Structure formats: structure tokens, C-alpha cells
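Heads up: the structure comes next, in C-alpha cells.
Where a number appears in this text, it was derived from the coordinates with a stated rule and is not lab data. Keep in mind it's a predicted model, so treat the numbers as computed, not measured. Cβ sites come from the backbone with ideal geometry, for glycine too, and all protein chains shown count toward neighbours.
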């Protein structure tokens with residue numbers, strides 16, 4: 001698979017590429033479950049190094065969309081383009097191998113294992129059949145430092161002892177560690193308090209600034225407008241609007257989420273967008 | 001944009017917002033500053049800079065629910081002191097060595113059950129798998145088969161491993177809960193045990209004897225010469241010291257935190273003292289008519305098995321995956337771990353360890369009969385693991401816990417027998433110990449969990 005425009009996590013924060021080539025593109029994705037039409041001809045793009053918010057009310061098809069991207073449920077119609085090429089993911093392993101990591105709400109962490117062990121779960125480094133704890137600990141430390149996760153003082157504590165925000169940070173660091181190019185986060189702030197939400201949103205910005213594309217699934221409009229460069233809105237399984245976050249305001253997003261249209265004029269076209277992150 | 005170090009932004013009191021897994025905020029305002037509280041559950045060895053820090057960290061950890069092995073060690077000491085005060089004979093070399101020999105079966109049973117418990121499963125068949133393993137070994141090394149001892153052991157333990165594989169496959173393929181599959185195993189292998197004795201024409205009244213000239217018999221009943229015992233001890237302690245010091249040095253060289261030197265040295269000293277006490281007790285002449293001294297072979301044998309399991313569980317991928325699956329099978333699956341394969345392997349280890357227990361059983365009694373109390377042994381295996389500190393809810397427990405739990409059961413049995421208390425009393429006492437251990441464990445853990 002081509003990695004020509006792969007946004008390797010760069011130390012230099014910046015908007016790595018907005019050259020118009022989307023990292024991921026969905027074209028006419030349709031998914032049915034028996035008589036239920038879950039998704040109808042969904043089209044949208046995810047550019048590298050930016051935060052794309054996927055908004056929509058309950059039942060709009062957000063979960064189906066991310067599970068389709070993750071390869072859990074192959075689409076009935078339409079195609080997924082990853083770095084410009086059509087791909088067929090037959091399971092989460094395929095999408096992860098391509099560089100897509102999905103962080104579900106349950107975070108998939110093992111409470112009894114420590115932070116390093118969780119970050120390397122399934123990808124442990126081994127020398128002479130024995131786990132190479134030292135090297136894994138160093139890399140984990142390095143990754144957390146790059147993400148500026150500084151509230152965790154010992155990375156050898158079990159994740160059971162972490163707060164919700166810290167657990168979210170560990171899950172994100174795990175994704176970064178696996179060299180993910182696109183991190184899909186499903187309602188990352190749903191269960192968090194104010195300051196922990198703040199932490200997670202900052203983490204999302206940092207992730208994007210390192211060149212990783214982030215897809216934020218959320219119906220919390222504060223979060224969306226805080227971090228998103230782009231917004232994609234689903235309504236009853238259809239994509240009703242997408243564009244730069246600056247083209248929307250909370251009122252218009254609510255209109256789209258609840259009725260599928262808005263009286264406000266917004267940009268529907270996926271305009272390459274480069275300067276949405278400066279606040 | 002936020003400043004770069006936004007996670008430590010003074011405007012966001014993040015440290016105070018993090019609820020640490022500790023009870024200290026509520027119960028001990030004089031304890032360490034709040035910012036340290038989220039460290040409570042970490043291994044103190046990687047946090048402390050000095051011995052004092054280490055002790056503090058360890059104490060915080062116990063209070064926050066990560067009790068480790070200390071409570072059970074304390075409990076064991078209390079029980080030992082109690083029996084010693086009641087019966088001075090308890091502490092005699094003869095009795096203590098006998099106690100070690102008895103306990104080795106419980107320790108192995110606890111280790112067998114540990115593999116199931118770590119994965120949040122249970123293996124109810126270990127008691128009769130032990131019987132079947134012991135019976136096969138005894139039959140194979142006796143006439144008419146007359147296998148050499150090593151081949152008999154290999155076959156016996158190998159067959160129990162196959163038993164574990166079959167049970168594990170039934171559990172993972174048919175999605176039948178391990179409780180049911182191994183409950184069926186409990187009944188089935190009792191039948192197999194009786195059948196094995198029926199087939200063998202050498203079995204008189206369902207009893208197969210183990211010749212006292214065979215290595216199998218000597219495992220428990222013969223002793224390493226005193227001189228060799230001391231030499232082995234010195235070598236083992238030296239290796240342990242070397243490994244501990246080297247590991248700490250390597251971690252420091254990599255720029256990682258390592259336990260302070262004083263802690264490492266104290267650990268080595270504790271291991272040395274324990275070893276010296278053990279070898280010393282075994283070196284006292286405990287014979288009544290003839291001289292009898294030395295460490296029974298079974299002690300280093302069980303030690304070796306537990307050491308191998310500790311390395312496997314603590315330092316290899318397989319072990320890591322077992323703990324991961326025990327805590328969160330879904331997370332393990334998403335991490336790309338073949339969950340069912342690891343489950344099957346765990347049941348292989350459980351049954352195989354029971355088979356090794358069968359070897360020790362055959363050696364200890366010098367015979368195997370259809371009267372192996374597999375039901376009791378199964379329950380003791382759970383008791384040993386749980387008393388030692390393994391969790392019935394999965395993801396927690398080490399071979400060390402099986403050792404401690406097995407010793408507790410051995411001590412209670414031995415002590416009560418010395419006091420002339422009947423079988424009824426022994427059952428009741430074991431039940432109480434089990435309940436107390438489980439209750440203390442649950443209480444300690446709930447204190448930790450409540451604060452989340």
C-alpha cells in the first residue's frame with residue numbers, strides 16, 4: 001500500500017498536509033441490516049492531520065459508519081478509499097494493519113495490567129522468548145511524553161488506578177504506538193468530567209498536530225467546535241452536510257442533526273481546509 | 001492554541017481532579033501529598049528512591065487493595081505460632097519436613113487451579129485428573145509394563161496434558177462453560193480412575209503400589225545429602241542475587257526507575273534466610289532409629305515447577321495474554337490475541353500440573369488407589385489458590401500465591417492432626433480459614449475499589 005502521503009508522526013507540530021488528497025474517503029457507502037437501511041450512500045473524506053467530527057443524533061448511523069471503516073461490517077454498496085486506493089477490510093485486523101485504530105467507549109484496556117503492558121498488548125517485544133520490559137517501558141514513556149501526558153507519574157501502575165481522562169490518554173497513546181494514521185474515537189468524552197474532558201480534547205489536538213488524522217464521533221457540540229477542523233453530519237443514515245467547522249455554527253449543526261437540513265447556508269463541498277485549528 | 005504543557009496547565013487543576021485508587025483521601029489526611037496518591041497501586045519497587053519510600057509505597061499499596069502476598073504471609077505466621085504454642089512437636093524437624101511433603105500436593109493443586117482462575121475460569125476436574133495421572137504413572141512403572149521411571153512420568157503427565165487439551169477444546173469450541181465441562185470431567189475421571197484399576201490385574205483391591213526402589217517413590221521419600229543441599233542453596237541464592245542486581249543495574253542503565261539497592265539487598269537477604277532456615281530444618285537428624293536428614297527431593301522439584309510457571313506467567317507473551325484475557329477478554333481479542341487458543345493452553349497447564357501432583361501423590365503414599373479423594377482435592381485446589389491471593393474473578397494470582405495457599409492448608413491439616421482433632425474438625429477449620437482469607441481479601445479490595 002502506498003505511503004506517499006503518509007503523515008508520519010512528526011515532532012514538528014503543524015498541519016502536515018492539506019494538499020487535497022484525503023487519507024480516507026467513503027464513496028456511496030450503503031449498509032442494510034435486513035429491512036433496516038442503516039446507511040444510505042454515505043460520502044465523506046477524512047484529510048490527514050485534521051480532526052473530523054462525525055456528528056449526528058442517536059440512530060443517525062455514526063456507530064455503523066465507524067464499524068464499517070474499522071472493517072467489522074463490510075458495506076453492502078460503495079467503496080472505501082484509503083490513501084487514494086480502494087480497500088476491503090475484512091475485519092479489525094485489516095484496518096489496523098492499514099493504520100486505522102478505533103477507540104471505542106470501553107477503551108479495551110485490561111485493568112490488571114499496567115500502562116506499558118496495556119500499550120503493548122498484542123504487540124509485545126520479546127528477546128529470547130522473554131518480554132523485553134525495559135525497551136517497551138522506554139518506548140511507552142517516549143510516546144506519552146510526545147503526547148504531553150504528564151499527569152501519569154508511574155507508567156507501571158495498573159490502569160485500574162487511573163482516572164477516566166488518563167485511561168483515555170492511555171488508549172490514545174496505544175493507538176499512536178501502533179503507528180496509526182487515523183484514530184477514530186467513539187464518544188471519548190461521554191463519561192468524563194469537565195477537566196478530564198479538557199485533557200482529552202487537548203490530547204486530540206496534539207494528535208492532529210503530530211500529523212495523525214482524528215475522527216471524533218460525538219454529539220457534544222462543545223467538543224465538536226472546540227477541536228474539529230471539519231464536520232460531517234449524519235441524519236437517519238444519510239450524510240446531510242460536511243465542510244469546514246468554521247462554516248457551521250452550533251445552531252446549524254443542531255438543525256442538521258435533528259431535521260437533516262438547515263436554513264443557514266453552509267459549504268457542502270469538501271474544501272481543502274488548512275487553517276481551522278488556530279484559536 | 002493551548003500552551004504545550006496544557007496537561008499540567010496550572011489553570012486546570014488536573015491532579016486534584018484525578019480520583020486516585022486510594023482510600024487515603026478520606027481516611028488518612030496526614031498521608032502523602034495528594035499528587036502522589038495516584039501512585040498507590042504501582043509496584044513500589046519502581047517508584048521508591050530509598051528504603052523508607054519503598055516501605056511507604058508498599059504500605060499505601062496494601063491499603064489501596066493491592067495487598068499482594070503480605071497478609072497471607074502474616075496469617076501463615078500466626079497459624080504456625082498458634083500450633084507451636086499448642087503442640088511443641090509441631091516445630092520439630094520431623095514434623096516440619098513431613099508438613100512440607102504433605103503440602104507439596106496442595107501447592108501443586110493450587111498452581112493447577114491458578115491457571116484456570118487467572119482466565120476467570122474454573123477447573124473442577126483437577127482432583128481426579130491428579131488421581132488418573134498418579135494411577136497411570138504407578139501402573140506404567142510397575143509390572144507388567146515396567147517402563148523406566150522417566151517414561152512412566154512422561155506418559156502420565158503427558159496424558160493429563162491431553163486431558164486438559166480435550167477439556168479446553170470442549171470449552172472453547174462448544175462454548176460450554178468451564179464449570180460444566182470440568183464438572184463432567186470430575187465425574188468422568190473418577191470413572192476412568194476406577195476403570196484403570198480394574199483393567200490392571202496387578203491392582204489388589206484397586207491399589208497399585210509404587211516400588212520403594214523406584215525414582216518415583218524416592219521423589220518424596222528420599223533426601224538430598226546435607227552437603228549437597230547446602231551447595232545447591234548457595235548456588236540458587238547466588239543466581240537469584242546476580243539476577244536481581246543485574247536487572248536493577250540494567251534498568252538504571254536504560255534510564256528507568258529501579259528499586260533502591262537497599263531493597264534489592266534486603267530481598268536477597270530474605271531469600272537467603274528463608275533458604276537457610278529450610279535447609280537447616282531438613283538437615284537436623286529427624287530419624288528415630290536410623291539417621292534421617294537432608295532436603296527431600298520434592299521440595300526443589302516443586303520449587304522448580306513454580307519457578308518455571310512464574311517465568312511463564314510473568315515474563316512471556318503467553319503469560320501476559322492469560323492475565324489480559326482474565327481481566328478483559330474483549331480487549332485481548334481486539335489486541336489480536338487468539339483468546340481461545342490461550343484458553344486451551346491454560347487448561348492444558350491446569351491438567352498437566354494436576355498430573356504432576358499425581359506423581360507427588362503416588363510418591364508420597366507409595367501407592368495409588370481408586371480411593372483418591374478427588375472431590376476434596378478439587379476443592380482444596382480452589383482453596384489453596386484463593387487463600388494464597390488469586391482472584392475468582394480472573395486476572396489475578398501468581399504461582400507464589402499457590403505456594404502460600406498450599407502451605408496454609410498443609411499447616412492447618414498437620415497442626416489439627418497433631419492436636420488430635422478429628423476429620424470433622426479439620427474440615428470445619430479449613431472452611432473457616434478459607435472464608436476468612438476470602439473475606440479479608442474482598443474487604444481489602446473493596447476499600448480500594450470504592451474510591452474509583
Mean shadow area of the stretch A:26-159 over all directions, Cα convex hull, nm²: 10.8 nm²
Fewest first, what order do B:382, B:215 take by the number of other Cβ atoms within 10 Å? B:215, B:382
Cα gyration tensor, the stretch A:74-142 - rounded (a/c under 1.5), prolate or oblate: prolate
Expressed as a whole number, the average count of other chain Cβ atoms within 10 Å around the Cβ atoms of A:129-136 is 4
Computed from the beta carbon distance with a Förster radius of 51 Å, FRET efficiency for residue B:59 and residue B:290 to the nearest 0.05 stands at 0.55
Return the inverse of the average 1/r over all pairs of distinct C-alpha atoms in the stretch B:221-273, which is the Kirkwood hydrodynamic radius, in Å to one decimal. 12.5 Å
Gain in length, residue A:129 to residue A:150, computed as 0.36 nm per residue apart minus the alpha-carbon separation, to one decimal in nm? 4.3 nm
Ratio Rg/Rh, restricted to the stretch B:63-155 and using Cα atoms, in which Rh is the Kirkwood radius: 1.12
Here the whole-number average of other chain Cβ atoms within 10 Å per Cβ of A:115-124 is 4
CD proxy at 222 nm, helix term only [per DSSP H run n ≥ 4: -39500 (n - 2.57); per residue of chain B; nearest 500]: -23000 deg cm²/dmol
Measure off 7 Å from each Cα along the Cα-to-Cβ vector at residue A:259 and residue B:422, then give the distance between these two points in nanometres to one decimal. 8.5 nm
Normalised contact order of chain B, rounded percent, pairs of Cα under 8 Å and 6 or more residues apart: 33 percent
Going by a ≥ b ≥ c, the root eigenvalues of the Cα gyration tensor, does the stretch B:166-272 fall in the rounded group (a/c under 1.5), the prolate group (a/b larger than b/c) or the oblate group? oblate
Across 20 Å bins from the origin, how do the percents of Cα pairs in the protein assembly as shown run, short distances first? 16, 41, 29, 13, 2, 0
Once you have a ≥ b ≥ c as the square roots of the Cα gyration tensor eigenvalues for the stretch B:248-395, tell me rounded if a/c is under 1.5, and otherwise prolate or oblate according to whether a/b is larger than b/c. oblate
Using alpha carbon positions and the Kirkwood radius, the Rg to Rh ratio of chain B is 1.00
Per residue, how big is the convex hull of the stretch B:354-452 when only Cα atoms are used? Give it in Å³. 118 Å³
Quick one: Cα centre-to-centre distance for the stretch A:96-138 and the stretch B:291-334, in angstrom? 21 Å
Write down the Kirkwood hydrodynamic radius of the stretch A:24-259, to one decimal in angstroms, obtained as one divided by the mean of 1/r over all alpha carbon pairs. 18.3 Å
Along the Cα→Cβ direction, 7 angstrom out, place labels at residue B:169 and residue B:265. What is the inter-label distance in nm? 5.6 nm
Average partner chain C-beta neighbours within 10 Å, per residue of A:160-168? 6
Peptides ranked, highest mean first, by Cβ atoms within 10 Å: ranges B:270-279, B:403-412, A:70-79, A:21-30: B:403-412, A:21-30, A:70-79, B:270-279
Would you mind putting A:41-48, A:119-126, A:170-177 in packing order, based on average other-beta-carbon counts within 10 Å, highest first? A:170-177, A:41-48, A:119-126
